[in-house]
Every structure is written in C-alpha cells, then in structure tokens.
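The values are calculated or read from the model by the stated rules, or taken from the named source; none is laboratory data. These numbers were taken from a predicted model, which means no experiment stands behind them. For neighbour counting, all protein chains shown are included, and Cβ atoms are generated from backbone atoms with ideal geometry for every residue, glycine included.
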C-alpha cells in the first residue's frame, strides 16, 4: 500500500516491472557491448507493438551490422543488396501501399554505395521510413573510413586520421535529404542516455504516424557509437561521441511539418 495525496491505492507489481515487447524475439543480440543498434531495435519494436502494426509491418535491411534485424523483430522482413534498401522499399510500398514499410541502414550502406538510391527515393517522396544509424565508420567489415567519418578521425583505412584534402569532406546525408521536396519529416537523434532514448522514440513514433498521411519520406538519423572499431570502452565512446560527433552532426529536427505550421501561425 502507498499514500498518494492522502489516498491509499494498491501499486500493482505489473505496473512496476518493465516488460519486453512481444515484437522482440528471444534471440540474443549479437551487437558489441555499448552499441546503439540494440536500443534502436527495442524502440522500433515497442512502437510497432504500441501502434498495433506488427502484422502490417515490412522491414528492409541491407548489408551491414543491422542485416540480421529479422532475427530480433517478429515482423515480415526482406534483405536487400548493399545500399539498395530504398529501391526495394519503393517497390514494396507501391505494391502494398497499406503496409507500414521501413528501411534500417548504416552509414556505410546508406551514405556510400546507397547514396543514389537514398537521394532519389527521398526526392521522389516515396512514402516509407528510413532509419539511418550513423557511427562514422564501417562497423561490420573492420572499421574502414566511411563517408561520414569525421576530419582527423582514425580508421583502419585512415590510420593517421581523415585528411580532407585527399579524402574529401564527411557527407551530411540528413542535411541533404532535408532540402529535398519529397521528404516530409527529417530528424537527427541519439540513444546514448535515457533522455535521448525517449526523444528518439518520440521521433520514430512521429515518423511512423506520418506515414499514414502519405505525405512523403520520413528520415530518422540516429548518431551512434562503435566502441569496438573506435577502440574505446562504451563509456569512452559515448563521451567521444558527445565531444566530437554531435558538434558535426547536431541533434534535433531538421524538417518537421508540425513546427513549420506552428511557425506560420
């Protein structure tokens, strides 16, 4: 029993214990300790469950750390060739417009070999959700430099740090797609603290709900870490991410129709 403003009420045990959504399977996650992928998986699974979309969802994963997402989410899913998830999502959504369709992609996939597919799908305004995990490196294949690798950031193929003069500038894909008329909602978030997890869940839920409006592509970037390939502990990686990744990839909404309508008023 507990006192709440002078009224006794029973605190039920089921209200005090966290319950894993049934959309998550019993498979053990293969991700490295501290990686953000598992957290984003859980957020996505909870939203699919809470929105009652489990039987209506089709997820698409290409090559990368996230390729085995179908092991962890009990939904219909399809693998795609490296970088081609937006092209496959376009076909599926056009054939089955009543379905909730999303792609789940890393930066090596989306911003490198899949740059063309990403840009053109967003420019056409294809009505699906793109979830973009940006850890600034190729995670699955050994920590090579990616299009998103920061200037001076070390990787297996830039052991002395990314030299902008010879290797070019990092590609800010989220900023690019925000300028395209076909995108409806574009945001950049993170999952390294409980507060940021809540913000990311709110953003992904909004993107899921926006798809019902058939207004265009929703794009959610999640700036994450890669402790293994960054050669850091999870705590060190989160601190490095805050000090280096966030200034270059600032968190927040880049394009939101709700805010735009409020500003117009």
Study note, to complete from the structure: By residue number, the members of the stretch 36-67 that are farther than 21 Å from residue 210 by Cα, in contact with a strand residue (DSSP E or B) (Cβ under 8 Å, 6 or more places away or on another chain) and surrounded by fewer than 22 Cβ atoms within 10 Å (Cβ to Cβ) are 67
Exercise for review: Return yes or no: is residue 201 within 13 Å of the chain's Cα centre (by Cα) and in a helix (DSSP H, G or I)?
Suggested key: yes
Check your understanding: So which residues in the stretch 203-234 are loosely packed, with under 15 Cβ neighbours inside 10 Å and either in contact (Cβ under 8 Å) with a residue 40 or more places away in the chain or touching a strand residue (DSSP E or B) at 6+ places or on another chain (Cβ under 9 Å) (or both)?
Key -> 209, 212, 213, 214, 233
Check your understanding: Which of the residues that make up the stretch 89-139 are surrounded by fewer than 22 Cβ atoms within 10 Å (Cβ to Cβ) and at positive phi?
Key -> 125
Study note, to complete from the structure: Cβ pairs under 8 Å, 6+ apart or interchain, first in the stretch 237-258 and more than 19 Å from residue 33 (Cβ to Cβ), second part of a helix (DSSP H, G or I) and at pLDDT below 95, ordered by first then second residue, are 253/259
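Test residue 176 against the stated conditions and say whether it is under 17 Å from residue 252 (Cβ atoms), more than 16 Å from the chain's Cα centre (by Cα), at pLDDT 95 or above and part of a helix (DSSP H, G or I). Walk me through it before giving the result.
Values: under 17 Å from residue 252 (Cβ atoms): yes; more than 16 Å from the chain's Cα centre (by Cα): yes; at pLDDT 95 or above: yes; part of a helix (DSSP H, G or I): yes.
Yes.
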Point to revise | Set 33, 86: member being surrounded by fewer than 16 Cβ atoms within 10 Å (Cβ to Cβ) and in contact with a helix residue (DSSP H, G or I) (Cβ under 7 Å, 6 or more places away or on another chain) | key: 33
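Which residue, of 215, 206, is modelled with pLDDT of 95 or more, closer than 30 Å to residue 260 by Cβ and not in a loop (DSSP other than H, G, I, E, B)? Before you say what the answer is, go through the steps one by one.
Working: 215 fails: not in a loop (DSSP other than H, G, I, E, B).
After applying the criteria, what remains is 206.
Going through the stretch 1-37 one residue at a time, which ones are modelled with pLDDT of 90 or more and more than 22 Å from residue 101 (Cβ to Cβ)?
26, 27, 28, 29, 30, 31, 32, 33, 34, 35, 36
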Check your understanding: out of contact with any helix residue (DSSP H, G or I) (no Cβ under 8 Å at 6 or more places or on another chain) and within 23 Å of residue 227 (Cβ to Cβ): does that describe residue 165?
Key -> no
Exercise for review: Those residues that are touching a residue at least 24 places away in the same chain (Cβ under 8 Å), assigned to a helix (DSSP H, G or I) and in contact with a strand residue (DSSP E or B) (Cβ under 8 Å, 6 or more places away or on another chain), I need them from the stretch 69-89; list them, please.
Suggested key: 69, 72, 85, 86, 88, 89
